[in-house]
Amino acid sequence: MRYKRSQRVGELIHEEISNLLLMEIKDPRIGFVTITRVELSDDLKNARIFVSVMADEKGKEKALQGLTSASGFMRKELGRKLRLKLVPELIFKIDNSLDYSLKIQKALLEISETDKE
């Protein structure tokens, strides 16, 4: 199976940004952030980076601000490490799919417990 170039570059961006968050970026607003997926446009100009943040809504907003302010540094490092001619614009988005799946799991557990009664 052949992958599109945007998928391969997206996987590399995912890996490099994860490393940057772990090792180099020390912004206290970011806290505990996990990159869930990277969607790269076919022309490689825009990268939507979905993150999961273990915090309340206010904490998620602060983490998003921290990531956005560090995006220039991240782009510079991506260009240096991946040797891309054009480094995509990094657009960070909160991924609420984990919260949604937890709500569904909780609801299913409640249904299961009411069936036992």
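Points to keep in mind about this one:
- Enumeration of residues in segment 56-103 that are among the aliphatic types (A, V, I, L, M) and at pLDDT 85 or above: Ala63, Leu64, Leu67, Ala70, Met74, Leu78, Leu82, Leu86, Val87, Leu90, Ile91, Ile94
- Selection status of Leu21, surrounded by 14 or more Cβ atoms within 10 Å (Cβ to Cβ), under 27 Å from Arg5 (Cα atoms), in contact (Cβ under 8 Å) with a residue 12 or more places away in the chain and out of contact with any strand residue (DSSP E or B) (no Cβ under 9 Å at 6 or more places or on another chain): no
- Taking segment 10-26 as the range and being under 15 Å from Ser71 (Cβ atoms), more than 9 Å from the chain's Cα centre (by Cα) and of a type outside the set (A, V, I, L, M) as the test, the residues that pass are Glu16, Glu24.
- Subset of segment 77-101 [exposed (fewer than 15 other Cβ atoms within 10 Å of the Cβ) and more than 18 Å from the chain's Cα centre (by Cα)]: Gly79, Arg80, Lys81, Leu82, Arg83, Lys85, Leu86
- Summed over segment 27-50, residues that are of a type in the set (Ser, Thr, Tyr) and over 11 Å from the mean Cα position of the chain (by Cα) total 1.
- Here Val53 clears all of (1) surrounded by 14 or more Cβ atoms within 10 Å (Cβ to Cβ); (2) at pLDDT 90 or above; (3) under 14 Å from the mean Cα position of the chain (by Cα); (4) under 27 Å from Leu102 (Cβ atoms) except the condition numbered (2).
The values are calculated or read from the model by the stated rules, or taken from the named source; none is laboratory data. Note that the structure is a prediction, hence the values are computed from the model and not measured. Cβ coordinates were reconstructed from backbone atoms using ideal geometry, including for glycine residues, and neighbour counts include every protein chain displayed.
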